[in-house]
Amino acid sequence: MKNLLQFFVCLIVALETNGAEKVIYLRVGDDVKLDSSYLPTNYYVRWFFEKEDGLELADTSYLGRKQVNPDSGEIWTRRLTISPNSLTINDMQEENFGTIICIVKDGSTRYDTFKFHLIKVTVSIKEQLPVIPGHSLSLNCDAETRRQHSIYWLKPTGRKATPLRGSVTKTAESQDNGEWKCVVKDNGEESSFKFPVSVVDFSSASKYVYTSTNLPLSLPFRITPKEFVQKIPSEVETVEWLFTPKTSSSQHTIFSFSPKNGQLKQKDPARELSYKNFTADGSFSLYKNLAKVEDRGTYNCSITFKNGYMVSRTLVVEVVEITPSPGTELISGHHLNLSCSTGGPLETGVMVKWVPPETSSLAKANLSSGHLIIPRVGTEDSGKWRCDLRWSTTTLTSAVITLKIDPILSVWMIVTICAAGVILILLLILAFILFRRRQHKMRQLRHRLCKCKNPKPKGFYKA
């Protein structure tokens with residue numbers, strides 16, 4: 001019984017090391033590397049197509065020989081790369097699919113045999129790309145083999161598409177845009193094949209737009225793929241841009257566009273928004289030369305297709321403003337509050353960073369609060385103060401303010417004080433002169449009234 005068990009163990013080992021087979025699923029255009037594993041010392045390796053005495057593709061040996069058979073034909077010679085223990089086929093074509101056999105000999109003794117079954121997989125889509133949301137989306141994945149296998153699809157989200165088979169038909173949606181995967185499962189092993197699907201949608205950049213009162217405002221509304229622009233007149237019903245202020249829940253239309261008549265209507269001129277090269281390269285973006293605090297809020301661009309489906313993109317605009325209190329022009333020693341704000345809480349991970357002038361005593365300080373208090377400003381604090389909004393090491397936007405700090409006794413103050421002193425002195429001198437002149441006139445008047453030696457008082461007197 002023990003000897004019988006040992007026999008079966010040896011038989012299993014022999015089957016695993018001799019005549020090993022491997023199944024490889026590939027598409028036209030793929031590259032594949034076939035490895036012959038460990039080689040004996042005096043090895044001779046020969047590669048054949050379909051059968052052992054069939055078309056010889058290449059051979060190598062321990063003597064340094066490495067050759068692709070020139071008689072194998074251009075379909076092989078242009079694609080084969082040989083090494084001592086591997087054969088690489090580049091850019092697989094229809095004629096390259098089949099069984100590749102590798103025979104390894106140790107001297108004149110057969111050492112090992114490997115078989116590689118190269119099976120063709122075809123992945124396709126019925127519709128022309130890009131697909132309009134609401135239209136049908138049909139994907140097909142097929143393997144040309146009679147082997148028992150299964151096929152299913154993975155969506156761009158990573159979830160399995162239903163039903164779990166090679167063909168999937170559904171109504172196209174925005175979330176279908178991206179990379180699908182066809183997965184072929186054979187004997188427990190899986191091979192996946194990527195297949196990009198383009199469904200018309202807006203680009204998936206960050207929904208937050210940061211700017212400041214010192215910078216322009218740009219609202220990037222772009223559709224992908226941009227080639228869809230050519231289909232807009234025939235597929236789109238309307239395009240609308242909406243705005244909801246940060247301080248209000250009231251939504252109103254900024255622009256509206258109808259491809260039927262090609263007219264772009266501006267519904268809110270007060271926004272001062274404009275467009276450049278409308279729909280060029282898939283752009284529905286809006287622009288403004290200089291952002292204002294009133295531009296804070298939510299902007300939405302929506303495209304309604306003729307089949308009733310709609311895709312939209314929402315952007316949240318954050319406008320940074322620096323508010324100085326009591327102002328930008330101060331005298332040395334005064335108290336100063338600087339506020340850097342977007343008018344509300346910041347997005348998670350976004351932080352404030354102040355950059356004072358190089359001459360400031362706070363130039364090397366780590367100032368990361370939205371509210372900066374300086375108890376006593378000095379002349380060294382004069383200059384440009386910058387407030388950055390940062391996410392990790394990336395600067396999202398910056399606002400700048402210029403402070404003018406005068407010394408307690410500036411040149412103009414000294415001139416003013418001196419001028420005031422001179423004026424005061426001149427006024428005192430003038431007052432003194434007027435006072436002296438009045439005294440002089442009073443003396444002259446008294447002298448005129450008193451000329452008699454013995455003046456008699458007026459009135460009646462008794463004899």
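The values are calculated or read from the model by the stated rules, or taken from the named source; none is laboratory data. Please read all numbers here as calculations on a predicted model, not as lab measurements. We place every Cβ from the backbone using ideal geometry, glycine too, and count neighbours over all the protein chains shown. What goes into the accessible areas is simple: the full protein's heavy atoms, side chains included, and nothing from ligands, DNA or RNA. Shrake-Rupley method; radii C 1.70, N 1.55, O 1.52, S 1.80 Å.
Take the residues in the range 227-271 that are of a type in the set (A, V, I, L, M) and in a helix (DSSP H, G or I); name whichever of them is most open to solvent (accessible area, probe 1.4 Å).
Looking at the filtered set, the residue picked out is A270.
Which of the residues that make up the range 312-335 are in contact with an Asp or Glu (Cβ under 8 Å, 6 or more places away or on another chain), part of a strand (DSSP E or B) and not charged (D, E, K, R)?
V317, V319, L330, I331
Of everything in the range 379-409, what is open to solvent by less than 60 Å² (accessible area, probe 1.4 Å) and either touching a Cys at 6+ places or on another chain (Cβ under 7 Å) or free of Cβ contacts under 8 Å to residues at least 12 places away in the same chain (or both)? Give them in sequence order.
C387, S398, A399
Please verify whether T328 is in contact (Cβ under 8 Å) with a residue 40 or more places away in the chain, touching a Lys or Arg at 6+ places or on another chain (Cβ under 8 Å) and over 28 Å from E173 (Cβ atoms), treating the condition exactly as stated. Show your work before the answer.
Numbers: in contact (Cβ under 8 Å) with a residue 40 or more places away in the chain: yes; touching a Lys or Arg at 6+ places or on another chain (Cβ under 8 Å): yes; over 28 Å from E173 (Cβ atoms): yes.
Yes.
If I ask for residues that are open to solvent by 30 Å² or more (accessible area, probe 1.4 Å), touching a residue at least 60 places away in the same chain (Cβ under 8 Å) and under 11 Å from V131 (Cβ atoms), which ones from the range 171-200 would you list?
Matches in the range 171-200: S174, S198.
Cβ-Cβ below 6 Å, separation at least six or inter-chain, first residue in the range 25-37 and among the β-branched types (V, I, T), second outside any strand (DSSP E or B) and buried (at least 16 other Cβ atoms within 10 Å of the Cβ): which pairs?
Close Cβ pairs (under 6 Å, with a partner that is outside any strand (DSSP E or B) and buried (at least 16 other Cβ atoms within 10 Å of the Cβ)) amount to V28/M92.
Please specify each residue of the range 326-366 satisfying the condition of being in contact with a His (Cβ under 9 Å, 6 or more places away or on another chain) and open to solvent by 40 Å² or more (accessible area, probe 1.4 Å).
P326, N337, S341
Among the residues of the range 285-299, are any in a loop (DSSP other than H, G, I, E, B), open to solvent by 40 Å² or more (accessible area, probe 1.4 Å), free of Cβ contacts under 8 Å to residues at least 12 places away in the same chain and more than 15 Å from L389 (Cβ to Cβ)?
Narrowing the range 285-299 to residues in a loop (DSSP other than H, G, I, E, B): 285, 289-292, 296.
Going one step further and asking which of them are open to solvent by 40 Å² or more (accessible area, probe 1.4 Å), we end up with 289-290, 292.
Adding the requirement that they be free of Cβ contacts under 8 Å to residues at least 12 places away in the same chain leaves none.
Within the range 285-299 (the criterion being in a loop (DSSP other than H, G, I, E, B), open to solvent by 40 Å² or more (accessible area, probe 1.4 Å), free of Cβ contacts under 8 Å to residues at least 12 places away in the same chain and more than 15 Å from L389 (Cβ to Cβ)), the answer is no, since none of the residues qualifies.
Among (1) touching a residue at least 12 places away in the same chain (Cβ under 8 Å); (2) under 45 Å from the mean Cα position of the chain (by Cα); (3) open to solvent by 30 Å² or more (accessible area, probe 1.4 Å), there is one condition Q128 misses while meeting the rest; what is its number?
(1)
Confirm whether S312 is closer than 30 Å to A172 by Cβ, open to solvent by 30 Å² or more (accessible area, probe 1.4 Å) and modelled with pLDDT of 90 or more.
When the stated conditions are applied, S312 passes them.
Which residue pairs have Cβ atoms under 8 Å apart, sit 6 or more places apart or on different chains, and have a first residue in the range 226-250 that is under 19 Å from T314 (Cα atoms) and free of Cβ contacts under 8 Å to residues at least 60 places away in the same chain and a second that is of a type in the set (A, V, I, L, M, F, W, C) and part of a strand (DSSP E or B)?
Qualifying pairs under 8 Å: F243/I254.
Taking the criterion of being hydrophobic (A, V, I, L, M, F, W, C), assigned to a helix (DSSP H, G or I) and at pLDDT below 65, would at least one residue in the range 413-436 satisfy it?
No: the range 413-436 contains no residue that is hydrophobic (A, V, I, L, M, F, W, C), assigned to a helix (DSSP H, G or I) and at pLDDT below 65.
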